Amino acid sequence: MRNNFMKWTVIFAVLVGGAVIFYNKVYIPKATYAYVTAKKGDLKLTVFGIGTVSAKNIYPVGSNSGGKLLKVFKDQGEWVEKGEIVATLDPVDLPDQLAQAEALLKKARYETLAARKELEGLYAQHELAALTFKRYDTLYRKGYAAQAEYDKARTDLTSVEAQIEASKARIASSKAECERAQKSIDALKQKIDRLAIVSPIDGYIISKDAEAAQTIAAQQPVVTIVDTKSIWVKANVDERISGVIEKGQRADIVLRSQDGAPLAGHVARIEAKSDPVTEERIVDVAFDKVPFPFHIDEQAEVSIETGRLHNVVLVPLHLIRRGGVWVYNDGEAHFKKVEILGKNDKEAAVEGLTTNEKILVPDSRKKPLFDGVDIRI
């Protein structure tokens with residue numbers, strides 16, 4: 001009899017001990033919820049978007065004529081000034097053609113000079129021939145000169161006049177040759193000048209697209225230059241929430257490489273065409289101050305400020321589920337419907353709650369919440 005009593009006493013003690021352990025180690029932790037307190041304050045309304053770093057003005061820089069690259073002076077990650085040479089093409093035989101054209105111009109100028117000197121001599125001969133003819137003409141009319149002498153004087157004058165006209169024609173021809181040679185020289189110089197590929201802007205080289213000794217086609221990029229004043233983020237925003245976005249609104253930009261540090265920006269442009277596949281609107285958000293270094297196509301997040309609500313009840317956004325929140329009241333959980341007045345990516349302004357109400361943080365690892373369930377906080 002005594003042995004049975006001892007056995008049941010031990011069993012009862014084990015059951016009580018197990019119940020106590022279960023209550024303290026299992027039941028209480030599963031019934032204990034964390035909570036936050038509703039508070040009043042101002043809410044900055046924001047619209048969130050994800051995009052990549054880009055720029056309004058990006059210039060692929062190449063040549064109007066193809067050819068073999070002789071040198072590439074610049075590399076990606078380097079600054080360049082407007083008009084600075086970034087690369088040159090092999091001129092091949094253009095310098096020889098230019099030298100030949102310059103020699104032809106020199107020859108034509110000498111021919112022009114010789115023809116002008118010849119013309120000066122012919123003018124002197126013409127003056128003498130004209131005086132001689134005039135004298136013989138007077139003598140011939142008075143009968144003191146023979147017909148042959150008169151005819152010779154007239155022929156000499158006519159011959160000199162013909163030579164003058166021929167000399168003028170040679171001078172005109174030499175001038176035309178000079179002009180042709182000069183135009184050829186100008187054209188060759190322009191071709192040679194175009195072999196130097198220059199930067200169209202003051203900017204930053206974001207890619208080197210060709211190397212020395214490589215043969216490129218016309219308009220093929222050698223380097224790509226970005227206008228750093230036009231750097232922005234092309235953000236994708238859900239069409240359903242994009243209607244409140246306006247040009248000029250303030251924004252915070254977080255670059256993936258910047259460890260969450262926000263950069264100030266503003267809405268620079270709302271693109272007229274949405275993405276028909278993702279149903280997102282593209283919003284270009286410019287930096288107030290461009291970060292250096294920057295990386296084109298780096299992922300970025302933007303939060304665009306669309307307005308503010310003042311002196312409203314604020315609740316963490318992730319605690320609002322199915323249009324309401326779980327609140328703690330006298331040891332019980334109760335579901336309370338709320339009306340969302342506005343929100344950003346972290347908080348929401350609501351109606352239906354009072355300040356200092358305890359809002360439970362649901363936890364799938366704890367006992368399920370239902371209206372009126374006993375809980376601890």
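Computed quantities for the displayed model
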quantity	calculated
Criterion violated by Val350 - all others in (1) in contact with a Phe, Trp or Tyr (Cβ under 7 Å, 6 or more places away or on another chain); (2) closer than 30 Å to Val244 by Cβ satisfied	(1)
Tally of residues being open to solvent by less than 50 Å² (accessible area, probe 1.4 Å), part of a loop (DSSP other than H, G, I, E, B) and under 14 Å from Ile225 (Cα atoms) across the range 73-93	3
Any strands (runs of 3 or more DSSP E) falling wholly within the range 257-350 and containing at least 2 residues that are hydroxyl-bearing (Ser, Thr, Tyr)	299-316
Residue among Leu157, Leu104, Leu98, Leu119 that alone is open to solvent by 60 Å² or more (accessible area, probe 1.4 Å) and in a helix (DSSP H, G or I)	Leu104
Qualifying residues in the range 251-289 (those that are open to solvent by less than 30 Å² (accessible area, probe 1.4 Å) and among the aliphatic types (A, V, I, L, M)) - the one nearest to Asp227 (Cα to Cα)	Ala286
Output for the range 244-256, where each listed residue is farther than 15 Å from Lys44 by Cβ and assigned to a strand (DSSP E or B)	Ile253, Val254, Leu255
Breaking point among (1) under 30 Å from Gln258 (Cβ atoms); (2) within 19 Å of the chain's Cα centre (by Cα), for Gly83	(1)
Pairs with Cβ under 8 Å, 6+ apart, first in the range 168-193 and free of Cβ contacts under 8 Å to residues at least 60 places away in the same chain, second of a type in the set (Val, Ile, Thr)	Ile171/Thr112
Single residue of the range 34-65 satisfying the filter (charged (D, E, K, R) and either in contact with a His (Cβ under 6 Å, 6 or more places away or on another chain) or in a strand (DSSP E or B) (or both)) that is least open to solvent (accessible area, probe 1.4 Å)	Lys44
Of residues in the range 353-377 being of a type in the set (A, V, I, L, M, F, W, C) and in a strand (DSSP E or B), the one farthest from Ile245 (Cα to Cα)	Leu360
Residue count for the range 122-154, restricted to those that are of a type in the set (A, V, I, L, M) and outside any helix (DSSP H, G or I)	2
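Residues checked against (1) loosely packed, with under 14 Cβ neighbours inside 10 Å; (2) of a type in the set (Gly, Ala, Ser); (3) in contact with a Lys or Arg (Cβ under 7 Å, 6 or more places away or on another chain); (4) within 17 Å of Ala286 (Cβ to Cβ):
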| residue | (1), (2), (3), (4) |
| --- | --- |
| Lys183 | yes, no, no, no |
| Gln190 | yes, no, no, no |
| Leu195 | no, no, no, no |
| Ile201 | no, no, yes, no |
| Ser207 | no, yes, no, no |
| Gln219 | yes, no, no, no |
| Ile225 | no, no, no, no |
| Gln249 | no, no, no, yes |
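The values are calculated or read from the model by the stated rules, or taken from the named source; none is laboratory data. A quick note: this is a predicted structure, and the numbers were derived from the prediction, not measured. Backbone-built Cβ (ideal geometry, glycine too); neighbour counts: all protein chains shown. Just so you know, the surface numbers come from the protein's heavy atoms only, side chains and all, with ligands and any DNA or RNA stripped out. Shrake-Rupley method; radii C 1.70, N 1.55, O 1.52, S 1.80 Å.
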